[in-house]
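Step one of this worksheet: look at the structure below.
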């Protein structure tokens, strides 16, 4: 699917004219891929890399355009089971055109960060900024999910919540690798700013991007370290909850066995005391209850 945008009043707006300067290709089909390869002279391997979620961020200078591949968080769905993955975005900057290739549809130009964009390179840098902001949003969600899982682990004996925490830890590894790759890309963009024709204001924006990306990396690293360092403790909590349950069941079992022994003693098929006593049944029941109370008293007194 192809969408066309234009810059109007320092804002990016959707255009009905398919000849607009900004083209967005969402999971392009074969015809759209041929358009990119044949008309825009995009390298076929670079185009395939833009749709590969495992591809690293990179910057390449072609004959008539600059090819940039960077990472962003993938849209989360319930089928992912708390695994947050990343996807790749390919941006191809020409003198009068910007073509962006994404694997899934999502809002591209929303938010105040696209409030002042007058040039195509500025749009590209704002897309990088939006990617960093998207990582920060996902890290907040991960933190909330982690807190909720911790509360459930405190009373749970199920490994499901521990497995969910492992999934979050795995997601943070993906994010750390992707954020690091984006940081290297931003450094390369800054070093080649003159070659790309970036203005002084664009270079200042690149400096801001570096700072924001480093802060995002530090935050993801802190979350990852906390999850990793406390994982054994959380697994121990689940094991301890199971031990407490087994202890409670043992108390109940022993508490039932002692009165059962009393009742069984008076149920033997031999001559026993009180077999002609009219209230023998209630006496035996009383002895059973007293024995049960004795067991619980000793258990409590010994603090077992």
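The residues in the range 248-276 that are surrounded by 11 or more Cβ atoms within 10 Å (Cβ to Cβ) and either at positive phi or part of a loop (DSSP other than H, G, I, E, B) (or both) can be counted, and the count is 3.
Let's see how each residue does on (1) part of a loop (DSSP other than H, G, I, E, B); (2) assigned by TED's automatic domain parsing to the domain that holds residue 170; (3) free of Cβ contacts under 8 Å to residues at least 12 places away in the same chain:
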position: 28; (1), (2), (3): yes, yes, no
position: 31; (1), (2), (3): no, yes, yes
position: 41; (1), (2), (3): yes, yes, no
position: 45; (1), (2), (3): no, yes, yes
position: 55; (1), (2), (3): yes, yes, no
position: 82; (1), (2), (3): yes, yes, no
position: 91; (1), (2), (3): no, yes, no
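Residues in the range 52-60: is at least one at pLDDT below 85, closer than 20 Å to residue 137 by Cβ, in contact with a strand residue (DSSP E or B) (Cβ under 8 Å, 6 or more places away or on another chain) and buried (at least 16 other Cβ atoms within 10 Å of the Cβ)? No; the residues of the range 52-60 include none that is at pLDDT below 85, closer than 20 Å to residue 137 by Cβ, in contact with a strand residue (DSSP E or B) (Cβ under 8 Å, 6 or more places away or on another chain) and buried (at least 16 other Cβ atoms within 10 Å of the Cβ). For the range 248-255, state whether one or more residues are over 30 Å from residue 154 (Cα atoms), touching a helix residue (DSSP H, G or I) at 6+ places or on another chain (Cβ under 7 Å) and not assigned by TED's automatic domain parsing to the domain that holds residue 158. No - not one qualifying residue is present in the range 248-255. Taking residue 193 as the residue in question, decide whether it is in the same structural domain as residue 126 (by TED's automatic domain parsing), surrounded by fewer than 18 Cβ atoms within 10 Å (Cβ to Cβ) and out of contact with any helix residue (DSSP H, G or I) (no Cβ under 6 Å at 6 or more places or on another chain). Judged against the criteria, residue 193 is not a match. Considering the range 182-200, the residues that are touching a residue at least 60 places away in the same chain (Cβ under 8 Å) and assigned to a helix (DSSP H, G or I) include one that is nearest to the chain's Cα centre (by Cα), namely 182.
In this structure, residue 225 does satisfy being part of a helix (DSSP H, G or I) and under 14 Å from residue 139 (Cβ atoms). Return yes when residue 116 is crowded, with 20+ Cβ neighbours inside 10 Å and either out of contact with any strand residue (DSSP E or B) (no Cβ under 8 Å at 6 or more places or on another chain) or more than 17 Å from residue 36 (Cβ to Cβ) (or both) and no when it is not. Against the criterion (crowded, with 20+ Cβ neighbours inside 10 Å and either out of contact with any strand residue (DSSP E or B) (no Cβ under 8 Å at 6 or more places or on another chain) or more than 17 Å from residue 36 (Cβ to Cβ) (or both)), residue 116 does not qualify. Among all positions in the range 82-92, there is at least one residue which is more than 11 Å from residue 12 (Cβ to Cβ), surrounded by fewer than 20 Cβ atoms within 10 Å (Cβ to Cβ) and modelled with pLDDT under 85. Residue count for the range 24-43 under the criterion of being farther than 26 Å from residue 197 by Cβ and in contact with a helix residue (DSSP H, G or I) (Cβ under 8 Å, 6 or more places away or on another chain): the result is 2. Residues that are under 12 Å from the mean Cα position of the chain (by Cα) and crowded, with 19+ Cβ neighbours inside 10 Å were ranked within the range 140-163; the one that is modelled with the highest pLDDT is 142.
Taking residues in the range 282-298 that are touching a residue at least 40 places away in the same chain (Cβ under 8 Å), and partners anywhere that are in a helix (DSSP H, G or I) and surrounded by 13 or more Cβ atoms within 10 Å (Cβ to Cβ), the pairs with Cβ atoms closer than 8 Å and at least 6 places apart or on different chains are 295/254; 295/255; 295/258; 296/251; 296/255.
The values are calculated or read from the model by the stated rules, or taken from the named source; none is laboratory data. Note that the coordinates shown come from a computational prediction; the quantities given were computed from them, not determined experimentally. Methodologically, a virtual Cβ is constructed for each residue, glycine included, from the backbone with ideal geometry; neighbour enumeration extends over all protein chains shown.
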